[in-house]
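So the structure is just underneath, and the comments pick up after that.
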Amino acid sequence: MSWLLGDTPNRVLKLGMDVATLRHQVIANNIANVDTPYFLASDVSFEAQLRAALAGEGAGGADLSEANPVVYRLPSTRFRIDGNTVDIDWETVKLSQNTARYNAEAAVLRRRLAMWRRVVGE
């Protein structure tokens with residue numbers, strides 16, 4: 001069944017879920033360090049790389065090897081008195097958005113795989 005993940009839409013969904021998992025880890029690390037002096041919050045950059053990879057899609061499908069997530073320190077001019085840049089309210093919002101994105105991608109992938117199972121089984 002691994003061949004089912006070979007088409008571009010399924011690969012994009014799987015990659016999106018992998019990036020959502022990484023983003024969840026980064027957000028959790030930010031939240032865990034909300035009280036750590038001089039801790040600088042991080043984020044994940046991915047969507048621009050994915051758009052670029054999909055824009056260059058050729059006859060053989062998109063080259064998703066170019067779409068790699070990058071973890072980076074958030075630039076901030078807002079420091080608390082202890083030098084920490086984590087905004088717990090913003091991290092909570094990002095966590096909710098990321099969870100919703102992951103769940104949506106998982107639901108779409110489940111439906112696509114169920115469709116393939118029905119086709120193959122009939």
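The values are calculated or read from the model by the stated rules, or taken from the named source; none is laboratory data. On a predicted model such as this, the values are computed, not experimentally measured, just so you know. Ideal geometry is used to build each Cβ from the backbone, glycine not excepted, and the neighbour counts take in all protein chains shown.
Annotations
- Of the residues in region 85-95, at least one is under 26 Å from Val12 (Cβ atoms) and of a type outside the set (D, E, K, R).
- Residues that are over 10 Å from Asp43 (Cβ atoms) and either surrounded by 13 or more Cβ atoms within 10 Å (Cβ to Cβ) or within 15 Å of the chain's Cα centre (by Cα) (or both) within region 67-79 comprise Ala67, Asn68, Pro69, listed in sequence order.
- Filtering region 1-26 to residues that are aliphatic (A, V, I, L, M), closer than 17 Å to Ala48 by Cβ and at pLDDT below 95 leaves Val12, Leu15.
- Matching residues, region 17-48, being over 16 Å from Thr92 (Cβ atoms), of a type in the set (A, V, I, L, M, F, W, C) and without any contact (Cβ under 8 Å) to a residue 12 or more places away in the chain: Ala48
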